[in-house]
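What follows is calculated from the coordinates using simple rules that are stated; it is not laboratory data. Nothing here was measured: the structure is a model prediction, and the numbers come from that model. We place every Cβ from the backbone using ideal geometry, glycine too, and count neighbours over all the protein chains shown.
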Amino acid sequence: MRALKGVSFELQPGEVHALLGENGAGKSTLIKVITGAHQADGGSLFVAGGEVVHLTPSKARELGIACIYQQPSLFPDLSVAENIGLRLQKTGAFSRVRWGRQRSRAIDLLQRIGAEISPDAEVRSLSMPEQQLVEIACALGSGARIVIMDEPTASLTQKEQHLLFKIIRDLRQGGVGVIYISHRLEEILALADRVTVLRDGESVGTNPVDELTESQLIKLMVGREVSSIYPPSEGEPGEVVLSLEGLGCSASGVGGVTMDVRAGEIVGVAGLIGAGRSELARILFGITPADTGGIVLNGERISITCPREAIARGIAYVPEDRRRHGVILEMPSAHNMTMASHPRLFPGNWLRFNAESLLAREFIRDLGIKASGPEAPGGSLSGGNQQKVSVARWLATRPKLLILDEPTQGVDVGAKSEIHRIIRRLAREGLAVLMISSDLGEVLGMSDRIAVMRGGRLVEWIGREQADAHSVMAAALGTNGKDAA
Amino acid sequence: MSRFSRELTVAGALGLLLLILAVFAPNFYHLQPFISRLTSQMPALVAAVGIALVIISRQIDISIGAQLSMCAIIASVAAGSGLPLGAVILTSMGAGVLMGALNGVLVAWVGLPSIVVTLATMVAWQETLRLWQQGRMLALPEGIQWFGLSQAAGQTAVISVSLTIVIAAAWAMKNLALGRFIYAVGSDAEAARLAGIDPRRTTFGVFVLMGVLAGLAAVLNLVQSPQVQPNCGDGLELKAIAAAVVGGVAINGGRGTLWGVLLGLLLLANVNPALTHFHLPPYWEKAIQGLVILLAVLADGLGRRKRPR
Amino acid sequence: MVLLLVIVLEVILFNSLGRRFLSGGNISNVFRHSVEIGLLALAMTPVILTGGIDLSVGSMMGLSAVLFGMMVNSFGVDPWLAGLAAIGFGALGGGLNALLITRLNLPPLIVTLGTFSLFRGLAEALTKGAESYSAFPKSFLALGNSDVAGLPAQIWVFLMVAAGIWLLVHRTTFGRSFRAIGYSAEGACYAGIPVARNTSLAYIIAGAVAGLAAVILVARLGEARANAGIGYELLAVTAVVLGGVSIFGGSGTVSGTLLGWVSLAMLNNGLTRISDYRIMDQTVASVARELSGLLTGLLLLAALAIGAWTKNLATRRARGQSHPENPPRSSPP
């Protein structure tokens, strides 16, 4: 099967052109072809009217194509100025490095995008969003005519996001064509001039944004109607499963978190990136143990110092980064599913293959995992199915509390609603669920209560009835909502 | 600047050691033996410069000792056949280029881990020498020892060539694009690729450069005695790696300076005279060297722990 | 599969060059002389599965051998008790590696390069660079030179260790976790696997088995010297990599390691024995004997290259096969 088959795409100067599609629709592959990282095996590519053959990354750069990737790809050991310099200056191996010029150029570029970053700082000391701003400075400095942004807002704070939108509008004004990739429809509707939807490696249409609504866009992406996006909440919550009393960990910058989570309840945890949500989850899971406050689980006061202990206590954590932490891609799905339950499933440390395969088959059926069998390696599954394997791993531990960190990030729309139904069902069966999410719609649609975090603290509780996008965003930003649009 | 804290620490330790020697063993500083000791460390210094570049580019080369032996034997065979000194030097460096290029091709283009590749080539060269020379010593013709100069002038030549190489390499690593490419590739190869730097070519180049320096180190070693042993490079890899690691070259690539390497080598080189002076027998050398490597990585590990992440 | 073929080819080649290669005496000789390397290869397998490497096992053999010889010769310790102690010292050395690697997160390569030098250096220092120990009771030397039930005595020890490592790697949760750690240490940590503890176990086992190998080597040679096991770490890594264990960690089997070891042992023995064969003149024969080390290096490179090549093929196939992110979307829900 091919990743791309017959894509037509056209970018005007001074246009923000959004590229939209489910995961695996071919967006990343298309970007790789445009930036020369992959070679197309058919069709042609024109830049400014001239056909380009055998595009390489350096040739793409000469043509004025710049790309800002999700994961900043900078040199952690080098200074900001040198990072920008290496990216912008194509030099021969034996030419002199002009440190002064490099530095002043970096200062100039960083000022132009309004980033307060020292040019002498080592990149490893910068935060993720700061690194992304450095990437943008590189793109700006390269005098690019075509700027590609691959989910640039994924790790930006609200303030940086505003900055980014301003930069994009400036670029458009300056006649630069911007290809903008995002899963967030509201961003696309607010920012883009036209949108091209990809589906199964093909372009299914390019339309001016003014002519489209959100649901039309979704329909274009999946090729079918998505009836109800979120399953309804039902039933009454039961006993308190988890209570936190002023929990904190100075190393991860979280402090004074007090909350209760009941059986059968989904508590959404909202907040901006860097608000301490994943950090809270890692404290509960024992990766960065708490140093202040207490944890009471099922009425028993406990301390958790390592993941193994958390698991033994009935706490499960489906991590944010699926491919790095959630699933071991090379190992069979069955092994992935039993990995967190070794002590329970394999007493005396002896593997029991029958029990393992039985359990895997059950989960594959139960969660609707599309896999060729228990032996299928995690990496051979689609993103949504990988996420289900990750969830299965944690259900196999028979947890009392399930912590989900961005459960549907990077998952396509169809799998997303399936995962939502699974979460809802688990809650109905009596599991206490703590769901961290940056997807506002997901938080609002799924949560019985919403805890909003800001600056490492839990700042506000919002009940299901009072919750709307405005109130959650306002709490997360710590304003009266003037900034939140 | 905290960036040079390692260099300052090593300089401090070296200063302290030299001070201790000055107080307790003033004859350590008698000019002639002092110069001789320094001269005998120069081949290791040149090799350490090479290995530092390799480690900065996030690779390792443990075949350099065997490379040096090979180059020395090839050079002495060339000298024995009557080639002039200049041609002998070029032969030695040429042999280094070929051996470095073999490592480079296997690591950069075939994509094999450098540790195993160079482990294998180390054995291959060692065995080749064993097979070829059967442990025989080779006598060198007249005019090779001390480059045909007097001993004092020869020693000056060896030391000045070596220091020139350190200074030139340190300058190039800081001020030439090539040097920054090496740091860049070692820091993040994927980012380097995106910045239009070819990590494979850079890695290959670093291994070839390592070969050149091994060839040169072989010559600098060769000229110091009237004959050559086929195992003259044994253990050099450990010495050079230890100097680089002690001097603050991060084993994970991307960080370190050649000044640190110079200081690290001088520190290590003076540990042994100090030990001898305090009556520790010489067969402790290898154990001490291992200990120093472990202490240096330990310091790195502890330092990394403290750094906020 | 390929390895089996290689072994068959070796047998045919060496057998055609002389009659005695396949004789029972020679076959048991092949194994008697390479048991130590086989043990190290077995011990190295879990370590490499975790994505690490242990370059210090050969030096650990030297140190254990010297300590063992010292205990028996200078302090009159019973050799069997001293043997157990030597295994214990090996485990301690492995523990030092494990401590530095897991607690301080240092790269295994440089840590074990350091202990490679340290252990050998200690062995040399203890023997003042030259001494050796050779007064061992006959009953102990029998371990290295006699047959039990038709097989060399040490082969029985080897088989027990092989069975133990096989069970560990393929039948316990430890083996499963070694793979998980090798593929992704962070991922294993997030799955609640005690990464530091299990990685340490691999290095401690490697050290202990190196100690055992030292005792067996001393029993065979009748002498304990500081240079015991020099270069064995390379042969062990070669056997493991030849056997298809990925040097990057995660995949590989104990049976693969065993096959890699057998093919390597036969190659060395076959080449060494060529000198006995009359059909070759003397220079060729001596060249062949000397060639075995060189060929080992080349064999390792070839095995690595093939490994990297098939890995490339596999990833390419996985990418091309069913673009994983893109399942067919034809069936309506």
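Points worth noting:
- By the rule of a C-alpha distance below 23 Å, with chain neighbours fewer than 8 residues away ignored, the lysines paired with A:Lys159 are A:Lys482.
- Pair B:His277, B:Phe24: separation of 7 Å Cα→Cβ label points (nm): 0.8 nm
- Note on B:Leu163 and B:Val110: with the Förster distance fixed at 41 Å, the Cβ-Cβ geometry gives a FRET efficiency of about 0.65.
- Cα centroid separation - the range C:76-107 against the range C:50-68, whole Å: 9 Å
- Bridging of A:Lys59 to lysines at a Cα separation below 28 Å is possible for A:Lys5, A:Lys27, A:Lys32, A:Lys90, B:Lys174, once same-chain residues fewer than 8 apart are set aside.
- Residue by residue, the range A:388-393 carries 3J(HN,Hα) couplings of 5, 4, 4, 5, 4, 3 Hz when phi is fed to the Karplus relation 6.51 cos²θ - 1.76 cosθ + 1.60 (θ = phi - 60°); x denotes Gly or Pro.
- Signed unit charges on C-beta, dipole axis of chain A, positive-most listed residue A:Ala475, A:Ala281, A:Gly92: A:Gly92
- Charging the Cβ of each Asp and Glu at -1 and of each Lys and Arg at +1, and nothing else, the dipole of chain B about its Cα centre rounds to 900 debye.
- Extreme residue, positive dipole direction of chain B, given options B:Ser187, B:Leu265, B:Ile89 (C-beta unit charges): B:Ser187
- Residue-averaged 222 nm ellipticity for chain A, from DSSP H runs of 4+ at -39500 (n - 2.57), nearest 500: -10000 deg cm²/dmol
- Relative compactness, the protein assembly as shown, computed as alpha-carbon Rg over 2.2 N^0.38 Å: 1.02
- What separates the Cα centres of the range A:57-72 and the range B:144-223 is a distance of 32 Å.
- Positive end of the dipole of the range C:2-306 (Cβ unit charges, origin at the Cα centre): among C:Gly94, C:Met71, C:Tyr190, the Cα lying farthest that way belongs to C:Tyr190.
- Average other protein chain Cβ within 10 Å of Cβ, residues A:319-325: 3
- Radius 10 Å from Cβ of A:Ile179, net charge of other residues (Lys, Arg +1; Asp, Glu -1): -1
- For A:Thr397, B:Thr202, order by how many other beta-carbon atoms lie within 10 Å, fewest first: B:Thr202, A:Thr397
- Each of C:Phe89, A:Phe9 was scored by other Cβ atoms within 10 Å of its Cβ. Listed from fewest to most, they are A:Phe9, C:Phe89.
- Centre separation in Å (Cα based) which lies between the range A:140-196 and the range B:251-303: 52 Å
- Two tests apply to each whole DSSP H helix in chain B, Cα reach of 24 Å or more along its axis and mean Kyte-Doolittle hydropathy of at least -0.5, and the ones passing both are B:5-24, B:31-56, B:85-104, B:114-133, B:151-175, B:199-222, B:258-277, B:285-306.
- The C-alpha atoms of chain B occupy a region whose extents along the principal axes are 58, 51, 33 Å, arranged from largest to smallest.
- Taking packing as the residue-averaged number of other Cβ atoms within 10 angstrom, the listed peptides A:324-332, A:428-436, B:116-124, B:61-69 run from highest to lowest as B:61-69, B:116-124, A:324-332, A:428-436.
- Residues C:Ser184, B:Ser40, A:Ser182, ranked from the fewest to the most other C-beta atoms within 10 Å, line up as B:Ser40, A:Ser182, C:Ser184.
- Compared with the direct C-alpha span, the chain from A:Ala355 to A:Asp260 gains 30.7 nm at full extension, assuming 0.36 nm per residue.
- Size check on chain A: the Cα extents along the three principal axes, sorted descending, read 67, 48, 47 Å.
- Positive contributions from Lys and Arg (+1) and negative ones from Asp and Glu (-1), summed over other residues with Cβ under 13 Å from the Cβ of A:Arg112, come out at -1.
- Note that the range A:16-222, at 25 °C in a medium of 0.890 mPa s, gets a Stokes-Einstein diffusion coefficient of 137 µm²/s from its Kirkwood radius over C-alpha pairs.
- Within the same chain, lysines fewer than 8 places from B:Lys239 are excluded, and of the rest, those with a Cα less than 18 Å from its Cα are B:Lys286.
- Given +1 at the Cβ of Lys and Arg, -1 at the Cβ of Asp and Glu and no other charges, the dipole of the protein assembly as shown around its Cα centre is 1200 debye to the nearest 20.
- One decimal place: the segment A:Phe46-A:Ala251 gains 68.7 nm when fully extended, by the rule 0.36 nm per residue minus the C-alpha distance.
- Mean per-residue shielding of peptide B:123-130 is 5, counting Cβ atoms of other chains within 10 Å of each Cβ.
- Among the residues of B:294-302, the average count of other protein chain beta-carbon atoms within 10 Å of the residue beta-carbon is 5.
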